[in-house]
Amino acid sequence: MTDDMTIRIDSEQYVLRRDGDGLQVGRQNGTDVAWLNTVDLALLPAPAREAVERGDTSDEALLTALRGITQAEVERGG
């Protein structure tokens, strides 16, 4: 994955960006992106990592992993 990917989770739109061994997750607000977190790719389940590599934003494993990441951010108060 070389470019940003846009992915919709429920009613929110997010942006994913590869950052070395991590995956940056940001919430899109109009033309701006508020970067929430960078997650070590090794922490994601293998099917979610494979979806990132393919750029497949419709993959259920990736969507599930990102729901967990965004929920953790909400619970932290981000």
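Residues that are over 25 Å from GLY77 (Cα atoms) and either at pLDDT 90 or above or not in a helix (DSSP H, G or I) (or both) occur at least once in the stretch 13-20. Out of curiosity, is ALA61 over 12 Å from LEU16 (Cα atoms) and of a type in the set (A, V, I, L, M)? Yes, satisfied. Within the stretch 1-17, restricting attention to residues that are acidic (Asp, Glu) and under 16 Å from GLN71 (Cβ atoms), the residue that is surrounded by the fewest Cβ atoms within 10 Å (Cβ to Cβ) is ASP10. Identify all residues within the stretch 33-46 that are without any contact (Cβ under 8 Å) to a residue 40 or more places away in the chain and surrounded by 15 or more Cβ atoms within 10 Å (Cβ to Cβ); write none if there are none. Answer for the stretch 33-46, where residues must be without any contact (Cβ under 8 Å) to a residue 40 or more places away in the chain and surrounded by 15 or more Cβ atoms within 10 Å (Cβ to Cβ): VAL33, THR38, VAL39, LEU41, LEU44. Among the residues here, ASP59 qualifies as surrounded by 16 or more Cβ atoms within 10 Å (Cβ to Cβ) and of a type in the set (Asp, Glu). Within the set THR2, THR38, THR57, THR70, the sole residue that is part of a loop (DSSP other than H, G, I, E, B), modelled with pLDDT under 95 and within 10 Å of the chain's Cα centre (by Cα) turns out to be THR57.
Conditions tested, residue by residue: (1) in contact with an Asp or Glu (Cβ under 7 Å, 6 or more places away or on another chain); (2) touching a residue at least 12 places away in the same chain (Cβ under 8 Å); (3) crowded, with 17+ Cβ neighbours inside 10 Å.
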{"position": "ASP19", "(1), (2), (3)": "no, yes, no"}
{"position": "GLY22", "(1), (2), (3)": "yes, yes, no"}
{"position": "THR31", "(1), (2), (3)": "no, no, no"}
{"position": "ALA65", "(1), (2), (3)": "no, yes, yes"}
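Could we say that ALA51 is surrounded by fewer than 17 Cβ atoms within 10 Å (Cβ to Cβ) and either touching an Asp or Glu at 6+ places or on another chain (Cβ under 9 Å) or touching a residue at least 40 places away in the same chain (Cβ under 8 Å) (or both) here? When the stated conditions are applied, ALA51 does not pass them.
The values are calculated or read from the model by the stated rules, or taken from the named source; none is laboratory data. Predicted, not measured: the structure shown is a model, and the values here were computed from it. With ideal geometry, Cβ positions are generated from the backbone for all residues, glycine too; neighbour counts draw on all protein chains shown.
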